[in-house]
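One structure is given here, and the rest of the page talks about it.
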Amino acid sequence: MTNSGDRTNPDLPDWLRGIDPAYVEGCDREVFRIARRSYDSPWRFYHKWSHIDACLAQFTEQKFDDPRTVLLGLLFHDAVYVPGDKNNETRSAELAERMLRYRSRVPESERHSVSRMILLTANHHSAGRRLTSDEAKLIDIDLRILGQPWPAYQEYMQGVRREYCPSVTSDFEFRIGRRAFLEKVLSQRRIFMTDEAADRLEATARSNIGKEVDLLKAEAGFLGGVAARLLARH
């Protein structure tokens, strides 16, 4: 990220110097130190700091009703990440709540909003029309990689596979599960939540996902296709 003129604060870590200081008001430096350190675990190949850095770059280009809430949600949304664990978002939300309760002056209502944003990233389409404007924008920032040029998408899909194989599952099982997941994503009426993101990224995202599905089909063969279809029904 780049600095933005005189909008700096010597108490902030270097990677936050491009953020308006008003957006981090009331937060102890330790909040940001813990958030940053959380992304350094060795088993992260996509869900690592570069993903958060990309999210922060998008954050600085948009307007929000409650920018501090969105910023904190982005910083902590993958803070706890163990490949294959279904409680990652819950534990990330708990970490954010704990840090903000004891190391900030962020009010309880805002802490709850941060937690909700983090939990929404567990299943981006589960909330449907009940999303606030800020929540929809946060989810689109998290999903933005899907609509990037194919080489960037390839890095993402290869990173996700490295996180799962062989530490969590076999290549064959990964292909089946990943294909079923991606086909569910494609079945959604729309991948992105906001009109702006959908207009810019939807077509590319569907093309990228379709290419990955085709690759998975070729790798897994006939039996993999049968297994993926059965899994997608559940």
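The values are calculated or read from the model by the stated rules, or taken from the named source; none is laboratory data. Not measured: the values here are computed from a predicted model. We place every Cβ from the backbone using ideal geometry, glycine too, and count neighbours over all the protein chains shown.
The condition of being over 12 Å from the mean Cα position of the chain (by Cα) and closer than 26 Å to Gly210 by Cβ holds for only one of Met157, Met99, that being Met157.
Selection within segment 73-124: residues that are touching a strand residue (DSSP E or B) at 6+ places or on another chain (Cβ under 9 Å) and in contact (Cβ under 8 Å) with a residue 24 or more places away in the chain. The member of this set that is surrounded by the most Cβ atoms within 10 Å (Cβ to Cβ) is Met99.
Of everything listed in (1) of a type in the set (Lys, Arg); (2) out of contact with any Asp or Glu (no Cβ under 6 Å at 6 or more places or on another chain); (3) in contact (Cβ under 8 Å) with a residue 40 or more places away in the chain, the single unmet condition for Arg37 is (3).
Does at least one position in segment 131-139 carry a residue that is among the acidic types (Asp, Glu) and surrounded by 15 or more Cβ atoms within 10 Å (Cβ to Cβ)?
yes
Among the residues of segment 22-46, the ones that are in contact with a Ser or Thr (Cβ under 9 Å, 6 or more places away or on another chain) and either in the same structural domain as Glu196 (by TED's automatic domain parsing) or not in a helix (DSSP H, G or I) (or both) come to 4 in all. Within segment 54-72, the set of residues being surrounded by 23 or more Cβ atoms within 10 Å (Cβ to Cβ) and either over 12 Å from Ile19 (Cβ atoms) or free of Cβ contacts under 8 Å to residues at least 60 places away in the same chain (or both) comprises Thr69, Leu71, Leu72. The requirement of being within 28 Å of Ala152 (Cα to Cα) and in contact with a Gly (Cβ under 7 Å, 6 or more places away or on another chain) is satisfied by Phe45.
For segment 39-50, which positions are buried (at least 18 other Cβ atoms within 10 Å of the Cβ) and not hydroxyl-bearing (Ser, Thr, Tyr)?
Correct list: Arg44, His47, Lys48.
Of all the listed residues (Gly210, Gly177), the sole one being surrounded by fewer than 14 Cβ atoms within 10 Å (Cβ to Cβ) and outside the structural domain of Asp53 (by TED's automatic domain parsing) is Gly210.
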